[in-house]
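Presented below is the structure to which this report refers.
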């Protein structure tokens, strides 16, 4: 404990003042209402909120407070800052909190509502851009769009000439010429995604499938499409998004922070990805719910929470992701290629590739590099980084040469915990994890189209392999009906989808125990667990109910696999 804290504690004892009260007195509370941001008046609040933020910049122990109600962020208020576009920026601050109100149930009661022009392929902007801060917390907010950039409808009729007629639900957005990106069909009674192929999937496929307004009806639309007619049935729900490719349309950008906490945050609609976060140290997500609301069926056409090259501790508790297309939860790194082996203890990165540039920015003396050579990855400690030359503590293995791949542990979580979370009815892999030191427990993964948990590289552009993984006391139900990655068929799967490697058992020390697997079935005969390219795997005391295959193990790329189920 720092010495000044001892003085404060002593002062509190002498004056009989609670320490918490004295700490609270040192906090500076700034109400956005004092700058003219009034909820529920229909006026744009962006400028007033920015003034509140600007008034505290450079100060510490700040709480920016919001009242309950809806704060409007209009299209003409989108702000550009350097190469980023957002409604609200919090950059370079220390010990800050953005705090909304809560309702009687403890749910967020403050809405930051972005109001953009309704249409196809809107570029949009982030609600919040949080960057280069230390100790930053955002709590008690609903981040939404009005109008929303997805709609939901009921399929009314499918005619013999492949005409599909839908009726958009009351309150959902609609217009003549709606594009259908990331379209899916839903069971309206259960609110769950219907198993089967997606209605539209490719990045631009929706541009070729457009709904036109049915003459004489307010919310009725039709489309002439063999694809739609073959994949839909009358009575089903249909969701689709008007936008899918806009890079600036994340709901939140969270980058280069130390200690960032998101708590009691609800997101009901997104133009693109919900949250992108990279190069942070320590991230906490508590009660972050990404889920449809009202008559909506889906939230966003891209990933849910997508994290890249972070370090420290990740904690996710009571995180809910339902109704996104692509992967709900992602934590990935990247393989870095060596430009030159200089000598037995040094390598060169010329910084020409993006991965090399990012690696040189992150790697510090004392860090470890994990070289992907031989039968097991080899770790080596960094002594010096100078002008692209990385000097290492130990001699390099003979197999480390020009073009060899490694992963910097400066991009690794020291600890990642996913506990008490719900990931259901998403068209993607529930959790894509390409790092080490993961605990997943007491969570539910249900009705996701691909694997519920995919460990390791899903393509040549991402990595790495995983070590020290514990998956226990979870429910995996009804997922994995699409074998997207071709013969990776497990509700829990170890991936090796990279052309840089072949049969190496680089996944290490994985324990899968005391889980329940239920209703993992389908024409492609999925399995509860599918292990490839791994060693030292223990699978035990799991329960299997209505499963096509319990455990599949690829013998040619695995060693030391223990199954005790």
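The values are calculated or read from the model by the stated rules, or taken from the named source; none is laboratory data. The model shown is predicted, which means the values in this text are computed figures rather than measured ones. Backbone-built Cβ (ideal geometry, glycine too); neighbour counts: all protein chains shown.
None of 76, 160 is surrounded by fewer than 17 Cβ atoms within 10 Å (Cβ to Cβ), under 30 Å from residue 224 (Cα atoms) and at pLDDT below 95 except 160. Return the residues of the range 363-387 that are in contact with a strand residue (DSSP E or B) (Cβ under 8 Å, 6 or more places away or on another chain), touching a residue at least 40 places away in the same chain (Cβ under 8 Å) and surrounded by fewer than 17 Cβ atoms within 10 Å (Cβ to Cβ); say none if nothing qualifies. Hits for the range 363-387 are 364, 376. For the range 195-207, indicate whether the set of residues that are over 23 Å from the mean Cα position of the chain (by Cα), under 22 Å from residue 268 (Cα atoms), outside the structural domain of residue 72 (by TED's automatic domain parsing) and surrounded by fewer than 18 Cβ atoms within 10 Å (Cβ to Cβ) is non-empty. No, every residue in the range 195-207 fails to be over 23 Å from the mean Cα position of the chain (by Cα), under 22 Å from residue 268 (Cα atoms), outside the structural domain of residue 72 (by TED's automatic domain parsing) and surrounded by fewer than 18 Cβ atoms within 10 Å (Cβ to Cβ).
Screening the candidates 119, 191 for the property of being farther than 30 Å from residue 67 by Cβ, surrounded by fewer than 24 Cβ atoms within 10 Å (Cβ to Cβ) and modelled with pLDDT under 95 yields one hit, 119.
If you take the residues of the range 79-93 that are closer than 16 Å to residue 52 by Cα and surrounded by fewer than 19 Cβ atoms within 10 Å (Cβ to Cβ), which of them is modelled with the lowest pLDDT? That would be 79. Scanning the range 248-268 for residues that are under 25 Å from residue 83 (Cβ atoms), part of a loop (DSSP other than H, G, I, E, B) and touching a strand residue (DSSP E or B) at 6+ places or on another chain (Cβ under 7 Å) yields 248, 250, 251, 256, 257. Scanning the range 194-212 for residues that are outside any loop (DSSP other than H, G, I, E, B) and modelled with pLDDT under 95 yields 205, 206, 207, 208. Condition check: farther than 22 Å from residue 256 by Cα and not in a helix (DSSP H, G or I). Does residue 295 satisfy that? Here the answer is yes, as residue 295 does meet what is asked.
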